[in-house]
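The values are calculated or read from the model by the stated rules, or taken from the named source; none is laboratory data. All figures in this text were calculated on a predicted structure; none of them were measured in a lab. Positions of Cβ are generated from backbone atoms using ideal geometry, with glycine treated the same way; all protein chains shown enter the neighbour counts. Remember, those area values only see protein heavy atoms, side chains included, never the ligands or the DNA or RNA. Shrake-Rupley method; radii C 1.70, N 1.55, O 1.52, S 1.80 Å.
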Amino acid sequence: MKFLRMTLVAALRALRRNKMRSALTILGIVIGVAAVITTVGLGQGASEAVQSQIRSLGTNLLVVVPGTRTRGGAHSGWGGASTLSVMDARALEREATGIRAVSYIRRGSAQVLYGNSNWRTTIQATTPSYLDVSDSAMAQGDFFDERDMKNGARVAVLGGTLVGQLFEVGEDPIGAVLRIKEASFRVIGVLESKGGSSFGSDRDDLLLVPFTTGERRILGATLPGVVEQIIVSARTETSAHEASLEIEDILRQRHRIRPDQENDFTVHSQEEIANTMGSVTRILSSVLMGVASISLLVGGIGIMNILLVSVIERTREIGIRMAVGAKGSHILVQFLVEAMILSMIGGIIGIILGLVGTQVIAHFAEIPFVFSPGAIVGAVLFSGSVGIFFGFYPARKASNLDPIASLRYE
Amino acid sequence: MTPLIETHGLVKEFARGDIRVLALRGISVSIERGEFVAIVGKSGSGKSTFMNILGCLDRPSEGKFVLEGQDVARLSKDERAELRGQKIGFVFQAFNLIPRTSAQENVELPLIYSGASRAEQARRARESLERLGLGGRTEHHPSQLSGGEQQRVAIARALVNHPQLLLADEPTGNLDTRTSLEIMKILMQLNRAEGLTVILVTHEPEIAAFADRVLTFKDGEIVSDEMGSSGEGVLPASLLGEKEGKDS
Ligand SMILES: Nc1ncnc2c1ncn2[C@@H]1O[C@H](COP(=O)(O)OP(=O)(O)OP(=O)(O)O)[C@@H](O)[C@H]1O
Ligand SMILES: [Mg+2]
């Protein structure tokens, strides 16, 4: 112990003799560790963000879209008539037992006018059950009901962004009359904000109308009864998978698909969406992690390089130390301690910079800042072991020097 | 009592590629405690090689080296390091102080490896420096000291662990005559007053004249082993007084 403390003092002294060199070596480690901390932090933050967005889509959710799934997960098969219809949705509602509620939508975009304001937004024609199925809630007023649906009532429910664009602050949108494609619509409700943006798209920038009304007045009825998505809410989260199998059965029958033919529709589950997004962020963060680790590796090689130079430069000193009684192990420990001091100082500064960097980037990228003590402990241990790992070879070299040759070294 | 040093047929062979050099060809010698021995001989006669073996820095190819009754060839590398730290002090021609490190820290060096406490290290190093008249130079770095002062720091370092044996390979080789005599006076005082065994290599007869015994090397062999002149006729009278006092 006494020797260790002495070695620590000696190592600090040796490092102080070459301040600039020590500082540059430390800088290498600082950059490496900061990069690792930042990428780990941002990776965790990003996946947290993705997960919470997916959760906010509503649990037990299954989405049926037309088209066959290709290997990459994209869809084809929009050609010809769209393969999903209102009749399909009704059939699912009637026949599938694992289903709690069914909704369907068609979307388009249109200019919405109110007074002197106008705003281009997404028009979504849907059913009264949409509110429930999509796990949305009303901030103000009511959602449209079955009667509005049957009558093709010209009523609209607005998303928060649209309210902000069309109305003055403090103005009550309920009861206001908007004009869309020459038709007038009465505002009956405002949706509660979904918040955040899902990869750039604002989920509050939309206007909802009853499906029948939307089809007739806004989106055009060249293909009546065709829907873009059928949204299904399974009875429980665990039954989502069975429900999706049921949906597949029913739709294959209805679409008269022979056993050797592929589906002309695709059922997406919440879980699947979460997995896809999760794996995308995982891949991304491990790629970044890899790059960051390389910079830490480069920092480690910097330590090794500096120590090798230092061993050669101090050959004579090593010889002197051996002549006055230093064992090989003393010399080994001395150089290892120097390596560890360099890497630990670099590690600590790197952690601080990394945390600050993560917070700054997380702030601007609007992802949550995840503080993980594990990553910090890991980084300290890792940078310490980088020191030992890269310091070992030079230290070994020093401890194996021949005292006589070292004393003669010029 | 066994002699401090006993060697039996020491042979040292260096292989430089295909060429083999016999640096020592069978050295048998015995040195008692308290002796002051000078080793002289032409360049390349094997003096330094012999000193390195005595200092446990090197091992003979053949033969036996016994230090205080202990066969050094039997010891491990670490045990030899310990022996160097505890029983042997080295003084080199090139001083061999660690650069950019104070005299105090240089002298503390052997104590670090023998496990003295921090306070004891500082105290003993200071004492050792004071004994060599360097009490006012403890914080000086080697580059801020004269050659003679540097060699005195080196001697202070060699003595700080109270060794039995001081090995000095041409300690005055880099110093002028006046400073050389100063260093020799110090070594002689240590030998006379404290019974320290001193073995030194030199090329200069005036330096060898300080010793009680002179070993002459030639081609790796001892060709003469004589009692020296004990410095008569070379040393100033002031130095001789002390010496004769002990002899009588
Ligand atoms: N490491 C070595 N490898 C090969 N040959 C060596 C080695 N060390 C010494 N020698 C050879 O051994 C012989 C004796 O060398 P040594 O250094 O002992 O001589 P020396 O008497 O001290 O000479 P000098 O008075 O010049 O210091 C020389 O021929 C030298 O070349
Ligand atoms: Mg020599």
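Comparing A:LEU12, A:LEU219, A:LEU42 in a Gaussian network model of chain A, where Cα atoms under 10 Å apart are tied by springs, the biggest mean-square fluctuation is seen for A:LEU12.
The charge dipole of region A:282-410, taken about the Cα centre with unit charges on the Cβ atoms of Lys, Arg (+1) and Asp, Glu (-1), comes to about 320 debye, rounded to the nearest 20. Taken as Cα centroids, region A:289-340 and region A:158-175 sit 68 Å apart, rounded to the nearest whole angstrom. Semi-axis lengths, largest first, of the ellipsoid equivalent to chain B are 28, 23, 18 Å, with √(5λ) applied to each eigenvalue of the Cα gyration tensor. log10 I(q)/I(0), Debye, Cα-only region A:84-254, no solvent, q = 0.15, 0.17 Å⁻¹? Here the Debye-derived log intensity ratios amount to -0.84, -1.04.
Can you work out the FRET efficiency for the pair B:MET1 and B:GLU130, with r the C-beta to C-beta distance and R0 = 35 Å, to the nearest 0.05? Using R0 = 35 Å, I get an efficiency of 0.60. For region A:137-150, 3J(HN,Hα) computed residue by residue from phi via the Karplus equation (6.51, -1.76, 1.60; θ = phi - 60°) reads 9, 8, 8, 8, x, 10, 7, 6, 10, 4, 5, 4, 4, 5 Hz, glycine and proline entered as x.
A helix-only calculation puts the protein assembly as shown at -15500 deg cm²/dmol for mean residue ellipticity at 222 nm, using -39500 (n - 2.57) for each DSSP H run of at least four residues, averaged over all residues. Approximating the spin labels as points 7 Å out from Cα along Cα→Cβ, the B:LYS64-to-B:ASP18 distance works out to 3.8 nm. Relative to the longest principal axis of the Cα atoms of chain A, the long axis of helix A:328-365 lies at roughly 20 degrees. Using a probe radius of 1.4 angstrom, the carbon and sulfur fraction of the accessible surface of region A:175-255 is 49%.
Listed values for region B:45-50 are Karplus-derived 3J(HN,Hα) couplings in whole Hz (6.51 cos²θ - 1.76 cosθ + 1.60, θ = phi - 60°), namely 7, x, 5, 5, 4, 5, and x replaces Gly and Pro. Axis of helix A:86-95 versus longest Cα principal axis of chain A: the two differ by about 80°, to the nearest ten degrees. Taking Cβ atoms as reference points and 9 Å as the exclusive limit, the residues near B:LEU200 contribute a net charge of -2, counting Lys and Arg as +1 and Asp and Glu as -1. Under 5 Å between amide hydrogens, built in the peptide plane, is the criterion, and for B:GLY63 it picks out B:VAL11 among residues at least 5 positions away or on other chains.
Place +1 on the Cβ of every Lys and Arg and -1 on the Cβ of every Asp and Glu in the protein assembly as shown, take the dipole about the Cα centre, and give the residue among A:VAL65, A:GLY32, A:VAL163 whose Cα lies farthest towards its positive end. The residue sitting most towards the positive pole is A:GLY32.
Could you list, in their original order, any pairs among B:LYS87/B:LYS185; A:LYS327/B:LYS47; A:LYS19/B:LYS87 whose Cα atoms are separated by more than 29 Å?
Values: B:LYS87/B:LYS185 22 Å; A:LYS327/B:LYS47 25 Å; A:LYS19/B:LYS87 37 Å.
The pairs that break the limit, which is 29 Å between Cα atoms, are A:LYS19/B:LYS87.
Each Lys and Arg adds +1 at its Cβ and each Asp and Glu adds -1 at its Cβ; summed about the Cα centre, region B:81-134 shows a dipole of about 20 debye.
Residue by residue, region A:377-388 carries 3J(HN,Hα) couplings of 4, x, 5, 5, 4, 5, 5, x, 6, 4, x, 5 Hz when phi is fed to the Karplus relation 6.51 cos²θ - 1.76 cosθ + 1.60 (θ = phi - 60°); x denotes Gly or Pro. Name the residue from A:HIS255, A:ILE301, A:THR122 whose Cα lies farthest towards the positive end of the charge dipole of chain A, charges +1 on Cβ of Lys and Arg and -1 on Cβ of Asp and Glu. Final value for the positive-end residue is A:ILE301. Relative to one another, the C-alpha centroids of region B:1-47 and region A:383-410 are positioned 31 Å apart. Compute for chains A and B the buried accessible surface, both sides summed, probe 1.4 Å, and express it in Å² to the nearest 100. Approximately 2400 Å² gets buried when A meets B.
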